[in-house]
1. When you look at A:G120, is it buried (at least 24 other Cβ atoms within 10 Å of the Cβ), within 16 Å of ligand 3 (Cβ to nearest atom), small (G, A, S) and part of a loop (DSSP other than H, G, I, E, B), yes or no?
2. Within segment A:479-508, work out how many residues are within 31 Å of the chain's Cα centre (by Cα), outside any helix (DSSP H, G or I) and either within 11 Å of ligand 2 (Cβ to nearest atom) or free of Cβ contacts under 8 Å to residues at least 60 places away in the same chain (or both).
3. Which residue is nearest to ligand 3 (Cβ to nearest atom), if the candidates are limited to segment C:224-250 and must be within 8 Å of chain A (Cβ to nearest Cβ) and touching a Lys or Arg at 6+ places or on another chain (Cβ under 7 Å)?
4. State the number of residues belonging to segment A:466-500 that are at the interface with chain C (Cβ under 8 Å from one of its Cβ atoms), surrounded by fewer than 19 Cβ atoms within 10 Å (Cβ to Cβ) and among the polar types (S, T, N, Q).
5. Name the residues in segment A:224-262 that are in contact with an Asp or Glu (Cβ under 7 Å, 6 or more places away or on another chain), part of a helix (DSSP H, G or I) and without any contact (Cβ under 8 Å) to a residue 60 or more places away in the chain, would you?
6. Quick check on my filter: what residues within segment B:48-71 are surrounded by fewer than 20 Cβ atoms within 10 Å (Cβ to Cβ) and part of a helix (DSSP H, G or I)?
7. For the structure I just gave you, tell me whether C:V160 is in contact with a helix residue (DSSP H, G or I) (Cβ under 8 Å, 6 or more places away or on another chain), buried (at least 16 other Cβ atoms within 10 Å of the Cβ) and within 7 Å of chain A (Cβ to nearest Cβ).
8. Can you give me the number of residues within segment A:312-339 that are within 13 Å of ligand 4 (Cβ to nearest atom), assigned to a loop (DSSP other than H, G, I, E, B) and touching a Ser or Thr at 6+ places or on another chain (Cβ under 8 Å)?
Amino acid sequence: MSSHASTSHSTGHAAPQGFIRKYVFSTDHKVIGIQYIFLGLFSAILGTALSMMMRLRLAWPGSQFPLLEHIFPTGFPGGVMSPEFYLAVLTIHGTIMVFFLLTTVPLSGFGNYILPIQIGARDMAFPVLNMLSYWTTVVALMVLMASMFVEGGAPISGWTAYPPLSALGKIAGPGLGAGQTLWIASIAIFCLASLLTALNFITTTLNMRAAGMSLMRMPLTVWAWFTASTVALLAFPVLLGGGILLLLDRLAGTSFFLASGMVVSGKVMTNSGGSPILWQHLFWFFGHPEVYIIILPGMGITSHIISTFSRKPIFAYKAMVAAIFAIGFIGFIVWGHHMFASGMSPLVGMVFSVLTLTVGVPSAIKVFNWLATLWGGHIRCTASMLYALGFVSFFVTGGVTGLLLAQPAIDVYFHDTYFVVAHFHIIMGLAAVFSIFAALHFWFPKMFGRYMSETLGKVHFWITITGVYSIFIPMHFLGMAGAPRRYAQFTEFAYLSKLQPLTIHISWAAFVVGAAQLILLFNIFRSMRWGKRAPDNAWEATTLEWVIPSPPPHDNFGDMEPVVYRGPYEFSVPGAKADFILQTEQEVEGGE
Amino acid sequence: MMNSGLASENWNGGGSPYAVGHKKLGMWLFLVSDSLTFGSLLISCMYARTASSNWPTPFPMWPSIAFASLMTFCLLTSSLTMAFAVAASKRGDRAAAVKFILLTILGGVAFLVLHAREWLHLIDEGVRPWSNPWGSPLFGASFFGLTGLHMFHVFSGVVYLGVIALGTRNGKRSHEDVEVCGLYWHFVDLVWMFIFPLIYLMSVSPK
Amino acid sequence: MLLAPDLPGPLLKLLALFFWALAIATATAFIVHPIWLPENISLNGVDVDQQLNLTLCIAGAAFVIAHMLLGLFLWRFGGKQAGRALYWHESHRMETAWTVVTAVIFVGLGLQGSRVWAREYLTDPPANAMTIEVTGQQFAWNFRYPGPDGKFGRTRPDKVDDSEGNYIGLDDGDPAGTDDITTQNVIAIPVNRPIQLIIRSRDVLHSFFVPVLRFKQDAVPGMGIPVHFTATKTGEYEVACAELCGMQHYKMRARFLVMTDTDFNAWLKSRSQ
Ligand code: HEA
Ligand code: HEA
Ligand code: CUA
Ligand SMILES: [Cu+2]
């Protein structure tokens, strides 16, 4: 970040001096963005490693892994992974991936770095709050990690933490003591950090746009981050409230989620009056919007990249904005589709079902618009574009299985089977992760002034997309056969035992994909030092981040006051000199 | 900065398109979010209440409700003084603003003290988060959970007011800061206006 | 021209081939389906399977068409250099058309599916239905038949005693309970007779899942949730627990026996001693 320091005087945004102020407790949105991305990278490595451990046990349940016994002496007694350790690994895997990878990187990470620049601002509206949010997130991650190593074992109640299991404490079995308490605490802290970030993003987008950056000239990425933040602002507090109540149940002896008359481990419980289903309502009122918090930035990134590398305006910009909003809004009234089998009134289930199918409509509109954007384009084959196309593919593949799950009559068969696991890994695990890959390759030259290796990127793309499809398409069939999720092994049931060969296949595919991620890691760290130097406008793109140096100076725009004259995706304008026109370009030869 | 290429209905950058500064907008957003946190707790407590057949109604008009009304009065008055503080700071009368903020703090502290007494009194009567002498144990859970979170907000508000009072006195805080702080304080007051009827008035003992 | 010259178009054609192959292979796998749902033995399951197949066809068509188009566009426009790309912002006609068509299909599916659901869950069990109580516990399924008097006896949590085999806390003070028949991890039902289950749990959440019946229902402490069905084929099947309930969740299995009336009566009798 040094080469352009000279341009950044004059505006009163003097760059901070000293390592700590500059890189650790920095209030610069760009540094914070990169910090989030590396936090996410660390989480992804951990989460992936955990998923490999799950695949080991699922494929070879009784086998011994003496090496792993060295690392986790209590989790692998005698070298065999214990079932409760399997559940602990599953819980941490899900939590890390959903919260610390997919909520932080696409929204807080890339959003932090790119959003202010794309609207022509010099920083976030609240830089100090931004820094505090980041460090609060770090604390949440540390608390989560601590939960794995406390007395009584890591939490085992899944990323959804349904009570009574999660509320009863040690008495309900291993892994439900202090570890579970820390898990809830971690999530509560995470909620706080996320809603403060969301508040920051919304204020920044509304208040800090440069001259001429009217709402309808904002890149779709900005719309997506803005909407996802709005959703986050309204969803996270509800989980926070639920978390507080769950903590009270555990620590203060209340019974919000605990009914009367329970007998646990032979002991008659004194709780009474509460309802376990209440938690499910609170959790999913947050949880469903959460999946859109995850996917909306990915949709924005995909739109942005597909338009750029098709050299075409995004098709139906207005409809895209409307669809983003519709998804965000309808997302708040469909949470009951996770609860068709919970004992909720069947009539209510019917209403949720129809509402859920409605949310598919704006989603499908986005797919149509992406396809229409490709039509007639001059499609460039960059790694970033490949990942974005992968996103579209995963979104369709994972989305259409939602049509089955959304119907209660069918879902009471598929609920809590591997069909659901396949659904959400494809649409969330893969679509959203591919949007991270796409964004990383796309903005890396802006962040570090160097390209990532295209060749390595493409190799990684091909192995990963083939690999994950061979993990998760077969997984649907496990669900078809009725294999329940969160089973430490399938050997106890006659109808499941015959699925073992498929399970082993899935595990091998998973190991290949896991190993392939090393290519990505290598590419990231290699390119930071030795990548090919990138010019300011690395991809001949149009939005504001490409107007300024790579990497940008501390105050982004230096002496320049950005002024915006046109929409974000002016590619291939007839008669124009080049096939792209920057948003800041005033004169157009030929005309529109 | 106005350029010919810029259509006049377009936004011109800089300050605040909707005539709200960052801090005020940020506070509004926080309050929206916070009201959902309270909302989820309130809804949970109401859910517990409707689901229980033996929800107690232990508060006699005298002294419980009267006492709680006094607390409400303290909080309401402090909202009023806060409004005066904002008005004073708008006039640029910093001394008056500080005076009214201090009065607001007084109201807040009075509320906290009375509330602490109320807690002790109920604990004395045997109310616990997990049980109480009269019926559904969730009564105590709801009471302590909701009022506890609210007290925490009042307490934070008192600290916040203190910081603003200090800053206003030595001229480090602007009028906007006072106004934003006022927003928070009115919100805390408003939340109490939900808790008071739901916890107290709906549990007035029939006798 | 920055990176543009060395951007190989053929790779996009390869991706097009990949998407086509994916669509064809996946569609084939679902049509041939070496692994599928276990056979259906429930009266309602017929409708469920029909709705499932219908939805799969629609979802599959959307999946295949989307990937075919994706591949087609990549094949045609990948790496194109000559001239300019199309400058095309929108088309209201097309947008309206596909919005309306998708809305009709999706909401139509929802309404159709709701009818199947309503028939199963919004109806009362037939008057001659036999009631059986199911109680989940960590990590076993308990079943209770009301016995000759047709009435379940009272249960009390403090009567639960696993060492005496009183898993559900049957209260011996209640005469209605003396003829109740309880079993653990095995349930038998007569074929072709409507059955109503009352699903309960004594500790944490469980979920009563019988794949051959095409439904599952969570067992929630403090609630007794009714479901009803009619099994149409005799045989031995399995009940799984489908809601995470602790370390032995994966082991929580019960045998599910569907018998002829005579066999069932004999079975019940042998249990009542
Ligand atoms: C990013 C995350 C994400 C996204 C976007 C979605 C999107 C959707 N999800 Fe998913 N879902 C999850 C993440 C996500 N989900 C997770 C994590 C769970 C499990 C949680 C747990 O229990 O642990 C879950 C579970 C889940 C369930 C509960 C299942 C169960 O537990 O029983 C249901 C039920 O309705 C559902 C439905 C849907 C629907 C209808 C959509 C829709 O939004 C999908 C809309 C998209 C489409 C409909 C595709 C559109 C494209 C086309 C139609 C192509 C057409 C084009 C041509 C023909 C050219 N999801
Ligand atoms: C983001 C979400 C995400 C991702 C990416 C994954 C990735 C994977 N998951 Fe996971 N999974 C969940 C979210 C995710 N999972 C959730 C929520 C659950 C449910 C938990 C519960 O039941 O409570 C679950 C459960 C789950 C199960 C179910 C277990 C059970 O129910 O018993 C299994 C089993 O195979 C599994 C396997 C895998 C595998 C093999 C991968 C592989 O695909 C791994 C390969 C990894 C990648 C393809 C991603 C690599 C990403 C990066 C390297 C990012 C780089 C970052 C930057 C550049 C910043 N997962
Ligand atoms: Cu019982 Cu899972
Ligand atoms: Cu959902």
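1. Values: buried (at least 24 other Cβ atoms within 10 Å of the Cβ): yes; within 16 Å of ligand 3 (Cβ to nearest atom): no; small (G, A, S): yes; part of a loop (DSSP other than H, G, I, E, B): yes.
When the stated conditions are applied, A:G120 does not pass them.
2. Residues that pass the stated criteria total 10.
3. If we take residues in segment C:224-250 being within 8 Å of chain A (Cβ to nearest Cβ) and touching a Lys or Arg at 6+ places or on another chain (Cβ under 7 Å), then C:H249 is nearest to ligand 3 (Cβ to nearest atom).
4. Of the residues in that region, 1 qualify.
5. The answer is A:P237, and nothing else.
6. Result: B:R49, B:T50, B:A51, B:M61, B:W62, B:P63, B:S64, B:I65, B:A66, B:F67, B:S69, B:L70.
7. no
8. Residues that pass the stated criteria total 1.
Bear in mind that the values in this text are calculations on the coordinates, not laboratory data. Values in this document were obtained by computation on a predicted structure and should not be read as measured data. Cβ sites come from the backbone with ideal geometry, for glycine too, and all protein chains shown count toward neighbours.
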